[in-house]
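Worksheet: one structure, shown below.
Laboratory data are not the source of any read-out in this text; all were calculated from the coordinates shown. What you see is a predicted model, and the numbers here were worked out from it, not measured in a lab. With ideal geometry, Cβ positions are generated from the backbone for all residues, glycine too; neighbour counts draw on all protein chains shown.
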Amino acid sequence: MSQELLRKKILELVVEYYQESPKVQFESGKSSIPFAGRIYDAEEMVNLVDSSLDFWLTTGRYAEEFEAKFAEIMQQRYCMLVNSGSSANLIAISSLFSPMLKTRRIKPGDEIITVAAGFPTTVTPIIQNGAIPVFVDVDIETFNIQISLIEQAITPKTKAIVLAHTLGNPFDLKSIRAICDKYGLFLVEDCCDAVGSTFDGKMVGTFGDIATTSFYPAHHITMGEGGSVLTSNPILKRIATSLRDWGRDCYCDPGCDNTCGRRFKSQYGDLPHGYDHKYVYSHLGYNLKVTDMQAAVGVAQLKKLPEFIQARKDNFKKLSEGLKCFEEYLILPKPTPNSEPSWFGFPFTVKASAPFKRNDLANFLEDHKILTRQLFAGNMTRQPAFKDVNYRISGSLENTDKIMNGTIFIGVYPGIDQVRMDYILEVFNQFFTNLSY
C-alpha cells in the first residue's frame, strides 16, 4: 500500500477513534464545571496526526496557514506564531527596545504605564528589559485602567502604555490611542483573553502598535501551548521575527536558504565581508517558535472560532441576567462603552457591605463543583516576585486592592451548555437563599 493510501487510512482511523471515545455526561453536584477548557472534535485530532506523519517537527506548512488566516481574522498584516502568550508579550515588549527603532526605541530606565490588576506576564517583560512599570488604578466594573488617571502618570521618561483587555473586556482604546498620539507613546495591546472582542466595530489589537494573543487551553482557541504577535508595522514585524528566531538578522524560513539572494555578499558589523547571513544576529533573541503539530490543531480551531465567540457572549449574557437580582451584594461586570467583548470569564466583586466575604461565596461554589478563579495576581505589587522590583505607583491602587480582596470569576467558555448554566444559577440562588436565614 502506498504512503498516500496509508496516510488516508490512518486519518480515517483517527476519526473513528474520536467517534468511539466516551462522552462524559454532566451530573449536577458531581461533575465539575471548570472556568475554561478545550473544545475540539475529530478535525483537530486528524490535523495533529497528519502533521506528525510529516515529521516536520518545527514550524512548517500548518504554521504558515495559521499565520495567514489568523492575521486576516484579527485585521492585521502580520501574525507571528510563538510558543505561548507570555512569550508573545516578551517578544512584543522587547521589540520596542530594538536599535532598529532608532530614536524611538525604549531604553533601560524608561517608564511604561500599565496596571497591577492582571496577569504577571503582561508586566514582567517590562522589568526584564530594564524599564520601570508605572502602575495606575483600574475601574471596579470594567477591571480596566481608569482613563482619567493616565496623564498624571506620564513623565518625560514615559515611552509606552502596555495593557491587557481584562478578561476580554476592551479598555477604552479611543481615549488611550489619543493619549499615545499626544505624547508619542507606543501602545501594546495584550489580547490574550480577548480574541474576537471589538471596539468601535474594529478588532482589538488593531489600535496599538503591536498586539499579542494566547492559545493556551483556557483561551478562546487552543494549540495546547502557543501564542502570537500581531502587527501591521513591517519594521516591528521584522524585529519580532528576529527576536523569536534566535535574534538572527536573516528572515529565511526554517529549511530555506538565501531567500534574499545575498547570503554571502554583505557586510554586517565587524564580521568579515560575506559572512553567512544565516548566522548574523541583530538582536539578543530567543527560540520561541511553535511546532507544526501545534499549529495544525490551531488551523482546525480557527474554523470554530466564530461559534466559540458567540457561545462566550451568550453565556455572559445569561449570567448577567441571572445574577442581576443579587446586585445588593455583588458588583457585576460592565462592558466598556462602545465595545463588544468576547468574554474570557464572568468576574464579579463582593461588596464591602455584604454580610459575607469573597471566599465564603467562592468556597460555596467550589463545594458545588463550580470552579472559580481570582483575577490572576490581584495586586501585582503585593506579590512575592515584586518585592525587590523597581516600579512606581501613580496615585493609589485602591480599586486594585478591592479586586484583590473581593473579586472572583467563573467560566463562560463554550463547554458550559444550558444544563450547566441552569445548575450554576441554581447554586447561586441556594447561596443567597441560605444567606437570608
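Annotations
- Computed per residue of the chain from DSSP H runs no shorter than four, each worth -39500 (n - 2.57), the mean residue ellipticity at 222 nm is -11000 deg cm²/dmol.
- Given the choices [x] 38, 32, 16; [y] 37, 27, 20; [z] 34, 26, 20, semi-axes √(5λ) of the Cα gyration tensor in Å derived from the coordinates of this structure is entry [x].
- Relative contact order for region 44-293, counting Cα pairs under 8 Å that sit 6 or more residues apart, in percent: 24
- Cross-link partners for LYS369 among the lysines, with Cα-Cα distance under 21 Å and sequence neighbours closer than 8 places in the same chain left out: LYS23, LYS30, LYS318, LYS357.
- Annotation: lysines with alpha-carbon distance below 16 angstrom to LYS107 (same-chain offsets under eight excluded): LYS157, LYS159.
- In terms of other Cβ atoms within 10 Å, LEU5, LEU96, LEU149 run from fewest to most in the order LEU5, LEU149, LEU96.
- Alpha-carbon centroid distance for the pair region 375-417 / region 119-134, whole angstrom: 15
- Relative contact order [Cα under 8 Å, 6+ residues apart], region 1-102, whole percent: 22
- Proximal lysines relative to LYS265, as straight alpha-carbon distance under 19 Å, when same-chain residues fewer than 8 apart are discounted: LYS278
- Least to most buried among TRP56, TRP343 (fewest other Cβ within 10 Å first): TRP56, TRP343
- The mean sequence distance of close C-alpha pairs (under 8 Å, at least 6 residues apart), as a share of the length of the chain, puts its relative contact order at 23 percent.
- For the chain, modelled as a GNM whose springs connect Cα atoms under 10 angstrom apart, the maximal fluctuation among ALA88, ALA131, ALA385 occurs at ALA385.
- Packing around the peptides 274-280, 364-370, 311-317, taken as the average count of other Cβ atoms within 10 Å per residue, puts them in this order, highest first: 311-317, 364-370, 274-280.
- Amide H within-cut-off set for LEU163, under 5 Å, with H built and near neighbours excluded: VAL188, ASP190
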